[in-house]
Amino acid sequence: MSFLPTKKKIVFENTYFSLFIYVLLDDDWQNSDYIFWGNRFTLNCVKRMANTVNVLECSYHYLPRIIPKLNKAPVQYFKRKIEQKQIFRSYDICVGNAREINNPLINIDRVQIDDGVGTTHVELAKGPKKNSVLSRFLSRLVLKEATKISKIEKFYLSQDIEVKAEFKEKIEVLDLTALWAEKTEEQRAQILELFDVDANEFECFDSRYSVLFTQPLNEVISGYSEQSKVDGYKTLLKNLDIDESKLIIKPHPADQTDYTVHFPHASVLRPSFPAEIMSLLGMEADKVITLTSTAVELFRHSSREVVYAKAPDYFKLPEKRAKAFNSLDFKK
């Protein structure tokens with residue numbers, strides 16, 4: 001189907017997962033303009049994707065940060081905010097991780113596509129964080145949006161979850177397996193080319209293998225060490241009686257750990273493609289393991305067991321983060 005065919009779209013993405021959902025939704029995705037940003041896309045990946053879609057020049061300045069920190073480069077910070085206003089004014093609607101525009105100078109319709117637990121399991125389920133009048137004033141002063149999620153007109157989610165009443169009419173739940181099945185062979189090949197995935201890439205793995213989907217921990221948690229993360233994964237796999245020679249590790253795109261060093265007998269995949277493609281290409285598994293990544297969901301019917309470990313004590317996560325992980329409710 002053609003997605004919002006009468007609108008001039010700008011696709012604003014910082015995750016492979018959300019980008020994958022968008023190209024499943026829109027048969028006309030090759031004719032949209034794209035802004036890629038953040039630390040999950042590498043420069044080489046963006047350059048490669050630019051061979052398939054129209055990537056705006058600003059994308060190359062938005063890696064790994066879309067906006068400089070105000071306290072480190074105030075002039076560049078405000079200059080970038082004003083430049084973004086000029087870029088977005090050429091479009092009718094922003095699709096993708098639109099909640100992260102975070103710029104009150106930009107007036108554009110916004111459609112949010114599922115970017116994982118951060119959106120679906122926190123903001124929609126619990127509601128946005130309440131801000132004081134002073135906090136909202138200070139946000140405007142530095143050109144930030146006090147409540148980013150409030151400007152979203154439509155949410156496309158990959159899971160059916162309980163959301164606050166204020167969002168219920170804005171939610172549409174997608175069946176990714178059905179969307180993939182509706183694609184022609186040519187359309188599938190074009191999508192795989194965008195992500196540089198070979199259709200036969202996972203045929204060497206069968207249901208005797210287990211899959212670990214990692215998450216960035218030391219990369220995003222101040223004071224948390226890479227060794228604690230690695231030791232946590234080793235203990236988790238030992239407790240599940242996983243044979244390392246029959247283990248596939250799919251690193252999260254923001255995870256900087258070299259797992260070939262710590263798990264030399266495992267098969268470590270590259271991080272730069274959406275994990276959901278693995279199951280859609282027919283891959284089966286024994287156990288599919290993660291802390292809280294929803295990448296495991298499409299394996300529910302093609303694996304023996306899906307394991308959400310959340311935050312075991314042996315990961316030594318900070319109390320606030322552990323509490324947040326353990327409070328997540330993953331429906332069966």
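Each value in this text was obtained by applying a stated rule to the coordinates, not by laboratory testing. Quick caveat, the model's predicted, so the values are computed rather than measured. Methodologically, a virtual Cβ is constructed for each residue, glycine included, from the backbone with ideal geometry; neighbour enumeration extends over all protein chains shown.
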Quick one: which of LYS9/LYS81; LYS85/LYS129; LYS81/LYS148; LYS47/LYS126; LYS47/LYS320; LYS234/LYS323 span more than 27 angstrom between C-alpha atoms? LYS47/LYS126; LYS47/LYS320
For every helix of n ≥ 4 consecutive DSSP H residues, a contribution of -39,500 (n - 2.57) applies; sum these over the chain, divide by its total residues, and give [θ] at 222 nm rounded to the nearest 500 deg cm²/dmol. -7500 deg cm²/dmol
Step through the residues of the range 279-292 one at a time and calculate ³J(HN,Hα) from phi using the Karplus curve (6.51 cos²θ - 1.76 cosθ + 1.60, θ = phi - 60°), rounding each to whole Hz and writing x for Gly and Pro. 6, 5, 8, x, 5, 10, 8, 7, 10, 10, 10, 7, 7, 9
Rounded to the nearest 10 degrees, the helix 74-88 long axis (Cα) sits at an angle to the longest Cα principal axis of the chain of 90
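Rounded to two decimals, what is Rg over Rh for the range 211-263 when you use alpha-carbon atoms and the Kirkwood radius?
Numbers: Rg = 11.0 Å, Rh = 11.5 Å.
The Rg/Rh ratio comes out at 0.95.
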Pull up the DSSP beta bridges for the chain and report the antiparallel fraction as a percent, rounded to 5. 0
What does the extension gain come out to for ASN31 and GLN256, with contour length at 0.36 nm per residue minus their alpha carbon separation? 77.8 nm
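Please report the projected area of the range 229-332's Cα convex hull averaged over all directions, in nm². Please report the intermediate quantities before stating the final value.
On the way: hull surface 26.7 nm².
It is 6.7 nm².
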Taking the range 15-82, which trypsin sites (Lys or Arg not before Pro) meet the DSSP loop condition and have no more than 16 other C-beta atoms within 10 Å? ARG65, LYS69, LYS72
Give me the distance in nm between label points sitting 7 Å out from Cα along the Cα-to-Cβ direction at VAL142 and ASP243, one decimal. 5.3
What's the extension gain from ARG89 to HIS61 if we count 0.36 nm per residue and subtract their Cα-Cα distance? 8.2 nm
Debye intensity ratio I(q)/I(0), log10, the chain, q values 0.14 Å⁻¹ (C-alpha model): -1.27
Kindly provide the pair-distance distribution of the range 139-278 built from C-alpha pairs, with 5 Å bins from 0 and whole-percent values in order of increasing distance. 2, 7, 13, 13, 14, 15, 15, 12, 7, 2, 1, 0
Taking neighbour Cβ counts within 10 Å as the exposure measure, how do TRP37, TRP180 sort from fewest upward? TRP180, TRP37
Pop a pseudo-label 7 angstrom from the Cα along the beta-carbon direction at both GLU186 and ILE161 and give the gap in nm to one decimal. 3.8
So what is the relative contact order of the chain, in percent, for Cα pairs below 8 Å that sit 6 or more residues apart? 14
Tell me the label-point distance for the pair GLU193, VAL122, using the 7 Å Cα-to-Cβ offset, in nm and rounded to one decimal. 3.7
Give me the distance between the Cα centres of the range 191-224 and the range 307-332, rounded to whole Å. 20
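Under 8 Å for C-alpha pairs, at least 6 residues apart: give me the relative contact order for the range 108-229, rounded to a whole percent.
On the way: 83 pairs, mean separation 25.6, N = 122.
Value for the range 108-229: 21 percent.
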